[in-house]
Amino acid sequence: MIGNYPLHLMILVLLWGYIYTGWSLMGRLGMVSFGHGAFMGIGAYTVVMLWNHFGLSPWLGAPAALALTAAVALVIAYPCFRFKIVGHYFALVTLALSEVTRLVITAMRDVTGGSLGATPNGALTEGRSVAIGALQFSDKWVWLAIIFAFWLLGLWVWRLVDRGMGRLALQAISEDEEAAASIGIHVTRAKLQVTLVSALMTCTGGILYAQYQLYVNPDTVSGIAISLQMVFGVIAGGMFVMLGPTVGAAFTLLLAEGLRLAFGNKYPALDTTIYGAMLVLFIIFMPKGILGALLDLVRRPRRAS
Amino acid sequence: MFLQVSKLTKRFGGFTAVSDVSFEVAEGEILGLIGPNGSGKSTTFNLIAGALKPDAGSVRFRGDEVGGLPAYRVAHAGIGRTYQIPRPFKKLSLLENVALAAFYGANSRLSREKAFELAKDSLKLVGLQETKVEGLGASALKKLELARALATQPKLLLADESLGGLDHAEMDGAADMLARIRAERGVTIVWVEHIMGVLMRVVDRCVVLDHGVVIAQGKPADVAKDAKVIEVYLGTDAFA
């Protein structure tokens, strides 16, 4: 029987793997977003706030969160794509988005609890281990099953995008938007489509995170730190292969847990600092990430023979 | 009229690159759009293709206004273009470059398989093998431009200075290829070029631009005798 802690780690790896997979749909096609912390935060907070303040079930809160995420994604992404804000400039715009989201959550402290975070009102009273309406389960195995299903769904979406002509179109767009338009590709629409899919996946990730942890905090579901963690995780794992983001999730989680065990909470922001430094190293020395580099190693001898 | 350009004008700041340019293209013809460097050929071309928006004037294609439409809609309307300096998608294979054009081009109801089939046809028409884009020479890249534009299934092909950077044998080959494309695909062609010699052999009519203004148009033999055209080209090797 697996203990609670390894089970918890497995759940988190799959959950972050799902979110990273969503991020890499954009990242691998030339849209490096530092704004996914915003989508995760909107997902987590919308559902918890609607539940706590209006008693609205997460089953209804989730569609609301998805709608809000879609609206925010469109409002930010449409002007970016329409006016050809790409590369570093796109990264900067999205960076602002995740930080603004964190600040808004923090500032609305009467509603959100500010930087102290918030806990969804408990529905698991007196020995109940399952509250389907409130989307609360005390049994980690239930969560493992739910999140495993979402992780599989994420991989399926990844594969769908990977095999479609849309992926080639977005690759063409990432190289030369004007030439792509000249052969009939609606550049803005193609980018918006994949952005929406990516943002909505991240939003559901945020919802699941909040319901699983039963705690939300602006710093752990939104802001620059969490966005950087996503970028780092995906690049470390490898964003060009299907399981790369999941490997990245395992890597970042083990790194974070290792640091926590070694240093406790002595050095706040130590993990973020290390992510930043390692990100640079990965981009220079292992641009295909851990899984990408491993696959290259495995394939190379075969090709030579 | 198949393509009717009337009073087309484009300014960049205080500079008028194209001024009141009007000409027509009949279905099935090859029209040469010529003029020395900086005469406004490429700007005119980009205005028709939707890469630039005109300040005034209109571009009517088979009865519909296409002037000012975004490039992808011009492509859907049935106008394909090549670039003077080839702009292949280097991360994609040659076949993928062309298949993408077939998939998203004028006939956007194609299946993925059909798009790849069409792409192979286009590559065959221009005489290219399916390889990587990396390492292709100037001549092959020009052919790729043509194949990609043709794969969008255009009724009108805008070919931008397709001979720059080629030697004489390659130029002749490229000129013959445009003639063959018209013969086999029934595509009407506007060929933008500053080298007149090879072009004169293949085109039905010429429009000559200088400083953004049409200074002559007509049959190649007549245009070549036109005093204004001779003056513009005098002292250049453009007749070579």
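The values are calculated or read from the model by the stated rules, or taken from the named source; none is laboratory data. All of these numbers come straight from a predicted model, not from anything done at the bench. Note that we place each Cβ from the backbone using ideal geometry, even for glycine, and neighbour counts take in every protein chain shown.
Pairs meeting the criteria (first residue in segment B:1-28 and assigned by TED's automatic domain parsing to the domain that holds B:V190, second residue part of a loop (DSSP other than H, G, I, E, B) and among the small types (G, A, S), beta carbons under 6 Å, at least 6 apart or on different chains) are B:F2/B:A26; B:T16/B:G212; B:A17/B:G40; B:A17/B:G212; B:V18/B:G40; B:V18/B:G212; B:S19/B:G212. Under the condition of being closer than 21 Å to B:Q153 by Cβ and assigned to a helix (DSSP H, G or I), the residues counted in segment A:148-172 number 5. Taking the condition among the small types (G, A, S) and within 9 Å of another protein chain (Cβ to nearest Cβ), does B:A56 pass? The answer is no for B:A56.
Of all residues in segment B:107-132, those that are of a type in the set (S, T, Y) and away from chain A (no Cβ under 12 Å) total 1. From the list A:L60, A:L29, the one residue that fits, being in a helix (DSSP H, G or I) and of a type outside the set (S, T, Y), is A:L60.
Within the option set A:V197, A:V104, A:V111, being hydrophobic (A, V, I, L, M, F, W, C) and either in a loop (DSSP other than H, G, I, E, B) or modelled with pLDDT under 95 (or both) holds for one residue only, A:V111. State whether the residues of segment B:84-99 include one that is under 18 Å from the mean Cα position of the chain (by Cα), at pLDDT 95 or above, of a type in the set (A, V, I, L, M) and within 26 Å of B:L136 (Cα to Cα). Yes - at least one qualifying residue is present in segment B:84-99.
In segment B:44-53, the residue that is farthest from the chain's Cα centre (by Cα) out of those that are more than 9 Å from every other protein chain (Cβ to nearest Cβ) and surrounded by 16 or more Cβ atoms within 10 Å (Cβ to Cβ) is B:L52. So B:Y104 fits all but one of (1) surrounded by fewer than 20 Cβ atoms within 10 Å (Cβ to Cβ); (2) within 9 Å of chain A (Cβ to nearest Cβ); (3) within 21 Å of the chain's Cα centre (by Cα); what number is the exception? All conditions are met except number (1). Taken over segment A:173-194, the criterion of being in a helix (DSSP H, G or I), closer than 20 Å to A:P79 by Cβ and of a type in the set (A, V, I, L, M, F, W, C) is satisfied by A:I173, A:A180, A:A181, A:V187, A:A190, A:L192, A:V194. If we keep just the residues of segment B:197-231 that are among the acidic types (D, E) and free of Cβ contacts under 8 Å to residues at least 60 places away in the same chain, which is surrounded by the most Cβ atoms within 10 Å (Cβ to Cβ)? The residue in question is B:D226. Every listed requirement among (1) surrounded by fewer than 23 Cβ atoms within 10 Å (Cβ to Cβ); (2) part of a strand (DSSP E or B) is met by B:G80 save one, (1).
Checked against (1) of a type outside the set (A, V, I, L, M); (2) under 20 Å from A:G35 (Cα atoms); (3) part of a helix (DSSP H, G or I), A:H53 passes all but condition (2). Taken together, B:R60, B:R109, B:R73, B:R87 contain a single residue that is surrounded by fewer than 22 Cβ atoms within 10 Å (Cβ to Cβ) and in a helix (DSSP H, G or I), which is B:R73.
Screening A:L208, A:L200, A:L155 for residues that are surrounded by 24 or more Cβ atoms within 10 Å (Cβ to Cβ), away from chain B (no Cβ under 14 Å) and in contact with a Phe, Trp or Tyr (Cβ under 9 Å, 6 or more places away or on another chain) leaves exactly one candidate, A:L208. The number of residues in segment B:32-47 that are part of a strand (DSSP E or B) and either over 25 Å from A:A179 (Cα atoms) or modelled with pLDDT of 95 or more (or both) comes to 0. Residue under question is B:A119, and the condition is that it be assigned to a loop (DSSP other than H, G, I, E, B) and of a type outside the set (S, T, Y); does it hold? No, not satisfied. Here B:V98 fulfils each of the conditions (1) more than 30 Å from A:F240 (Cβ to Cβ); (2) within 14 Å of chain A (Cβ to nearest Cβ) apart from (1).
Only one entry of B:E134, B:E161, B:E130 meets the criterion of being surrounded by 15 or more Cβ atoms within 10 Å (Cβ to Cβ), modelled with pLDDT under 90 and closer than 30 Å to B:S108 by Cβ, and that entry is B:E161. Looking across B:L31, B:L92, one residue alone is touching a residue at least 24 places away in the same chain (Cβ under 8 Å), away from chain A (no Cβ under 13 Å) and at negative phi. It is B:L31. Within segment A:166-188, residues that are in contact (Cβ under 8 Å) with a residue 40 or more places away in the chain and more than 8 Å from chain B (Cβ to nearest Cβ) have Cβ atoms under 8 Å from residues that are β-branched (V, I, T) and part of a helix (DSSP H, G or I) in these pairs: A:R167/A:V161; A:L170/A:V194; A:I173/A:V187; A:E177/A:V187, counting only partners at least 6 apart in sequence or on another chain.
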